[in-house]
Every structure is written in structure tokens, then in C-alpha cells.
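Read through the structure below, which is laid out as C-alpha cells, and then see the notes.
The values are calculated or read from the model by the stated rules, or taken from the named source; none is laboratory data. The model shown is predicted, which means the values in this text are computed figures rather than measured ones. All Cβ positions, glycine included, derive from the backbone under ideal geometry; neighbour counts span all protein chains shown. We work out accessible area using only protein heavy atoms, side chains counted, and drop any ligands, DNA or RNA first. Shrake-Rupley method; radii C 1.70, N 1.55, O 1.52, S 1.80 Å.
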There are 2 protein chains.
Amino acid sequence: MAGSRKTSQEDVHFRVLRLLEENPEMSQRDLAQAVGISVGGAHYCLNALIEKGLIKIGNFSAARDKRRYAYILTPKGIAEKSALTGRFLKRKMAEYEALKAEIDALKVELEPTMDDSAPRKQAQQK
Amino acid sequence: MAGSRKTSQEDVHFRVLRLLEENPEMSQRDLAQAVGISVGGAHYCLNALIEKGLIKIGNFSAARDKRRYAYILTPKGIAEKSALTGRFLKRKMAEYEALKAEIDALKVELEPTMDDSAPRKQAQQK
DNA sequence: AAGTGATTGCTCAACAATGAACATTGCATC
DNA sequence: GATGCAATGTTCATTGTTGAGCAATCACTT
């Protein structure tokens, strides 16, 4: 489900595309931190996006810093990002509800019903 | 952050311990589906939990089914599960808020402000 | 200039996890 | 019984990901 590699990777790709559309001059480390992956993973991801033709490498504007790149969305990348938005939002809303339910269940479990003098420490078994 | 291998694995371990405490006779496939990992991953995880001494293999009750096992929490496993609960809940609540913020941001982006006659289709760039 | 430290993109071994198989066992219908 | 079918735990090649480190470049001080 949530751990499916394909969807998880799609999430990362979408987030990276979204971030780069706003700011194409983000460094790989900034991207990694913003998305929540490792630095090597960001590099890996960017290569995949370039391979797919969704982004291309441009010139960094400030001071001709030869180290840095700018990762610019191609038209195909912009289209892909738009196409991904709906699925991403839908998935995240489902995750949101699931997370809410899990948290609530856990809270209930931690705070047993105090309204009657029920025996404590006794979890109800199925 | 969220993709950190250690925390992600801790989440899986906690969920598995929690599920097994309620029902020790769950199959690896049921566990996998409930937790959101692959079948092989469940096997992998169970081995790790046995290695840690948190669960032990017991006998399946019904019909002496030689295929199935029962995965019973050891006292150490019960303690570990309790110790993990707090951290897990705290982390999930943080994830919950982050998810909420991300969804809201995405919704705002999809539905541009309609309250004045602003030009449409024009996302505000930084 | 020269040196020092910080930051960049990048590489790589180790590990984690997947997805698809596998052998074994139980259940059912013939 | 025998035969087919579904479900179990298990294995394994492939792939994704991490974390630490690399050379190159920039900024800054001497």
C-alpha cells in the first residue's frame, strides 16, 4: 500500500518537480532535505527525471558558480507534474484519513475509558 | 526525515508488534497487507523480531496446520511495544500535521483565489 | 597568492525491500 | 485414495536507498 515502491517514487518525483518549478536553482542537498530523502537519493532521482525528459540542466544564474546547476522543467515535465497533481492529492488525502484513524485508535488505547470502574491493565482481546 | 530508514523500520516493527499482540495467528500475508509491505518483507521483518527476542514462534491452534505459525510476543516484546508507542504516536502526529499542510497548500494551488477578479491560470511565482 | 574551510555535484559499498517464484501442506471434489 | 486448487512460509535476483566519502569550486583571511 503506502510502502509500494512505485507510488512512493511517484511521490518523490512529484515533490521534486513541484519544488523545481518554483525554484530551479535548489541544490541537491536542499532538495533532499525538503523532500525527505538522502543526498545520493536526490542525485539518483534527478538523473531519473532527466532520463525521462522531465527536467533539463540549465545554467546557474548567480556569479557563474561552476559547481551548481539549475534544474529546469521541460514542457513535458510541466505537463507530467500537472498530471501527477490529482493523483498525488487524492493519495495524500487517503493517507491523511488513515493516519487520523490510526492516531485516534492509538490514543484510545493509551487512555482507557475512565467513565466506569473497569478493571485496569486488562486489554480487551478479540 | 520521513524517509529515514531507521524510523521507517521502527514504524513497521511497531505495527507488527501491535497487530500480533491482538492476534498472534495472523499469516505473513495478512500482516504484509495490514502493514503495507510485501510478503517477503513481512518474513524479513518477523525474522528480525525473532532475532531481537521480541517474538517467538508458537503453535498454531486450529487443526494442527503444519504450514502456519503463531507469532507470540515475548515479555521483552511487550515491553518494547509499549516503549515504542509514545514515539510512534508523536511521530505520526507530526506527520499528520505535515500532511495536512501539504494538502492545504496543494488545494490552494489548484483553486486560485476567487474572491477578486484576479487573472486566472496565473500562479503566483515567488 | 596561498592557505583554510565550507559547499557543490557526484560515486560507491552496504543494506533494505520488492515482486515473483518455489516447495509444502491442507481442503475439496471426483 | 487420487487429483486439482488454494494458502502457507520461504528464497532470490533485481532494484531503490542510504550514508559516508570524494575531487572540484567558492568565499574568506592572511
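The listed residues are B:ALA70, B:ALA98, and the only one of them that is touching a Pro at 6+ places or on another chain (Cβ under 7 Å), modelled with pLDDT of 90 or more and of a type in the set (A, V, I, L, M, F, W, C) turns out to be B:ALA70. Figure legend. Inter-residue proximity from region B:3-17: first residues in a helix (DSSP H, G or I), second residues near DNA strand C (Cβ under 6 Å from one of its atoms) and open to solvent by 40 Å² or more (accessible area, probe 1.4 Å), beta-carbon distance below 7 Å, spacing 6+ or different chains. Indicated pairs: B:VAL12/B:ILE37. Assess whether A:ILE103 counts as being open to solvent by less than 80 Å² (accessible area, probe 1.4 Å), within 13 Å of another protein chain (Cβ to nearest Cβ), aliphatic (A, V, I, L, M) and part of a helix (DSSP H, G or I). Yes, satisfied. Annotation: of all residues in region B:101-126 being modelled with pLDDT of 90 or more and not small (Gly, Ala, Ser), the one that is farthest from A:LYS100 (Cα to Cα) is B:VAL108.
In the list B:GLN28, B:GLN33, B:GLN9, which residue meets the criterion of being surrounded by 15 or more Cβ atoms within 10 Å (Cβ to Cβ), polar (S, T, N, Q) and under 20 Å from A:GLU95 (Cα atoms)? Just a single option satisfies the conditions, and that option is B:GLN33. Kindly provide the set of residues from region B:56-100 that are of a type in the set (Gly, Ala, Ser) and more than 18 Å from the chain's Cα centre (by Cα), ordered by number. Result: B:GLY58, B:SER61, B:ALA62, B:ALA63, B:ALA70, B:ALA79.
The listed residues are A:GLY40, A:GLY53, and the only one of them that is over 15 Å from the mean Cα position of the chain (by Cα), at positive phi and either in a helix (DSSP H, G or I) or surrounded by 12 or more Cβ atoms within 10 Å (Cβ to Cβ) (or both) turns out to be A:GLY53.
Within region B:19-37, the set of residues being closer than 24 Å to A:SER8 by Cα, outside any loop (DSSP other than H, G, I, E, B) and more than 11 Å from DNA strand D (Cβ to nearest atom) comprises B:LEU19, B:ALA34, B:VAL35.
Applying the criterion of being within 12 Å of DNA strand C (Cβ to nearest atom) and open to solvent by less than 70 Å² (accessible area, probe 1.4 Å) to the residues of region A:59-75, the residue that is nearest to B:ALA101 (Cα to Cα) is A:TYR71.
Every residue, every condition in (1) near DNA strand C (Cβ under 10 Å from one of its atoms); (2) out of contact with any Cys (no Cβ under 9 Å at 6 or more places or on another chain), yes or no:
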{"residue": "B:VAL12", "(1), (2)": "yes, no"}
{"residue": "B:VAL16", "(1), (2)": "no, no"}
{"residue": "B:ASN23", "(1), (2)": "no, yes"}
{"residue": "B:LEU31", "(1), (2)": "no, no"}
{"residue": "B:ILE37", "(1), (2)": "yes, no"}
{"residue": "B:GLY53", "(1), (2)": "no, yes"}
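Going through region B:12-27 one residue at a time, which ones are farther than 16 Å from A:LEU110 by Cβ and facing another protein chain (nearest Cβ under 9 Å)? If you could, list the steps in order and put the result at the bottom.
Just the residues of region B:12-27 that are farther than 16 Å from A:LEU110 by Cβ, to begin with: B:12-13, B:16, B:19-20, B:23-27.
Hits for region B:12-27 are B:VAL12, B:ASN23.
Going by the structure shown, is A:ILE50 free of Cβ contacts under 8 Å to residues at least 60 places away in the same chain, more than 16 Å from A:ARG15 (Cβ to Cβ) and within 16 Å of DNA strand D (Cβ to nearest atom)? Here the answer is yes, as A:ILE50 does meet what is asked.
There is no residue in region A:80-92 that is more than 21 Å from B:VAL108 (Cβ to Cβ), open to solvent by less than 30 Å² (accessible area, probe 1.4 Å) and either modelled with pLDDT of 95 or more or not in a loop (DSSP other than H, G, I, E, B) (or both).
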